[in-house]
Amino acid sequence: MSYYGNINISGKHGMEKEYEEIDINSRDVKEYMDIQRHRTPQNTVKVRSSRAAVVCLVLLCVLQMTAVIVLCVHIYTNNSNCTQEKDQLTTGKGNLLIKTDHLPVFGKDQCSDNPKWITYKHSSYYISSEWKNWTDSRRDCLQRGADLVIINNKEEQEFIVNMTSANIVWIGLTDSDNEGVWKWVDGSTLTTRIWNPNEPNGKVGDEDCAVSQYSWADFPCNYTFVWICERN
């Protein structure tokens, strides 16, 4: 009986050992499953975080490319506008140069101590602020180192009209030495004639001195008007 008893004991211990191994294995599986359950959310979060980072990076790249494109378009538009403005300025400058070629040339006398002296081409002109007869007017011009204005052509006549605002002024033209023979104060004979219609009309009388407004007329020399002096 002791023999069989030993056999049963050994079988019992063997089964217990198997149960223990199964139990240990079960616990290992359970612990592994628990670990996997706890690890899975963390891995999922990491994957999601990585995807979010990639999406953000792509969006940033798209935004950067968009900004670069907008900037390039803006620069191109500005360059086009600058080119157009430059062309317009060049055209405007050319037009101004053309216009200034037809304007009177005013010299430094305008800004000098005598602002009443105005330079046109090669002469300077002085407009009086007083009224005097022709003889006294000429005397004033001579004291200024000048003489009553001599008008050589229609262009100069237009300049005088603009300068005087079409007021009546004494000019350096007279026939006091020889009735009907009009001469300038420098002794030169009259070549350009810009008389009013029916002027000069003082063939008989004392209308021996000329005035200028839009054109010329003869008046008695003792009348008083403003005058224009001219010096070269």
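Just a few scattered comments:
- Put a dot 7 Å past the Cα of Leu59, heading toward its Cβ, do the same for Asn79, and the two dots end up 3.4 nm apart.
- Label positions at Lys116 and Ser188, each projected 7 Å from the Cα along the C-beta direction, are separated by 2.5 nm.
- Residues whose amide H lies under 5 Å from that of Tyr223, counting only those 5 or more places away or on a different chain, are Trp134; hydrogens are built 1.01 Å from N in the peptide plane.
- Between the listed residues Tyr214, Thr119, Ser165, the Cα displaced farthest toward the positive end of the dipole of the range 108-231, a dipole computed from Cβ unit charges relative to the Cα centre, is found at Thr119.
- Cβ-Cβ FRET estimate between Asn178 and Asp136, R0 fixed at 30 Å, reported to 0.05: 0.85
- Cα convex hull of the range 108-231 - mean projected area over all directions, nm²: 7.2
- Segment Lys154-Asn196, extension gain: residue separation times 0.36 nm, minus the distance between their alpha carbons: 13.8 nm
- Using the Karplus relation 6.51 cos²θ - 1.76 cosθ + 1.60 with θ = phi - 60°, the per-residue 3J(HN,Hα) values for the range 64-81 come to 5, 5, 4, 4, 5, 5, 4, 5, 5, 4, 4, 5, 5, 5, 4, 5, 5, 5 Hz, with x marking Gly and Pro.
Every number in this text was worked out from the coordinates using simple rules, so none of it is lab data. Keep in mind it's a predicted model, so treat the numbers as computed, not measured. Here Cβ is always computed from backbone atoms with ideal geometry, including for glycine, and neighbour counts include all displayed protein chains.
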